[in-house]
1. For Leu119, only one of the following conditions fails: (1) surrounded by 15 or more Cβ atoms within 10 Å (Cβ to Cβ); (2) modelled with pLDDT of 90 or more; (3) of a type in the set (A, V, I, L, M). What is its number?
2. What are the pairs, 6+ residues apart or on separate chains, where a residue within the range 102-124 that is closer than 11 Å to Val41 by Cα has its Cβ under 6 Å from a residue that is among the aromatic types (Phe, Trp, Tyr)?
3. Exactly one condition in (1) over 27 Å from Phe35 (Cα atoms); (2) touching an Asp or Glu at 6+ places or on another chain (Cβ under 7 Å); (3) in contact (Cβ under 8 Å) with a residue 24 or more places away in the chain is not met by Met84; state its number.
4. Hey, Val51 hits all of (1) more than 19 Å from the chain's Cα centre (by Cα); (2) closer than 18 Å to Ser129 by Cβ; (3) surrounded by 11 or more Cβ atoms within 10 Å (Cβ to Cβ); (4) not acidic (Asp, Glu) but one; which does it fall short on?
5. Considering the range 85-95 alone, what residues qualify as being aliphatic (A, V, I, L, M) and surrounded by fewer than 18 Cβ atoms within 10 Å (Cβ to Cβ)?
6. Check whether at least one residue in the range 85-92 is modelled with pLDDT of 95 or more and of a type in the set (A, V, I, L, M), and report yes or no.
7. Is it the case that the range 3-13 has a residue that's assigned to a helix (DSSP H, G or I), at pLDDT 90 or above and of a type outside the set (Gly, Ala, Ser)?
8. Return only the number of the condition from (1) surrounded by 10 or more Cβ atoms within 10 Å (Cβ to Cβ); (2) part of a loop (DSSP other than H, G, I, E, B); (3) not small (Gly, Ala, Ser) that Arg17 does not satisfy.
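The values are calculated or read from the model by the stated rules, or taken from the named source; none is laboratory data. Treat the numbers as computed from the prediction; the structure is a model and nothing was measured. Virtual Cβ from ideal backbone geometry, glycine too; neighbours counted across all protein chains shown.
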Amino acid sequence: MSLRFVGYFKRFRRDERGSATIEAVLWLPLFVIFFVMIADVSLVFFRQTEVLRVVQDGNRALSVGRLAGAAEVEQFVKDRIAPMTTRAQVTTTVDSGVIDTRALVPVEDLVAVGMFNFLNGYDIAVQSSHYVEW
């Protein structure tokens, strides 16, 4: 080996610039996985509130007479949440002047990335009740 190469090697071994790079490379995948999980759960909660708003709109439409019956409310809700999921189960009942609508939506239809299976197999239940106004 040349004396010049040995000098470069010794200097390289003592140099501490860039030493944090190795730790960052080791921890970065864990942080990315953690942030993707947070994004998935956050989107599920956001879409749950969107489904709740649609269910409340359907109940209100039946309450004021824009929709004719429970079957129309169910179809109204399914049509409005179709961009999110087509597998929702919607039931509407009208009893003693109270409109009650319940929607069950599979969680795997609401996630953004879907890289993790820990949310699969669960349903989000959204329920709203409204008094009949007519």
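1. Here Leu119 meets the rest and fails (2).
2. Val107/Tyr122
3. Result: Met84 passes all but (1).
4. Only one criterion in (1) more than 19 Å from the chain's Cα centre (by Cα); (2) closer than 18 Å to Ser129 by Cβ; (3) surrounded by 11 or more Cβ atoms within 10 Å (Cβ to Cβ); (4) not acidic (Asp, Glu) is unmet by Val51, namely (1).
5. Narrowing the range 85-95 to residues aliphatic (A, V, I, L, M): 88, 90, 94.
Passing the criteria: only Val94.
6. yes
7. Let us first name the residues in the range 3-13 that are assigned to a helix (DSSP H, G or I), namely 3-13.
Pick out the ones that are also at pLDDT 90 or above and you get none.
The answer is no, given that none of the residues of the range 3-13 is assigned to a helix (DSSP H, G or I), at pLDDT 90 or above and of a type outside the set (Gly, Ala, Ser).
8. Here Arg17 clears every test but (1).
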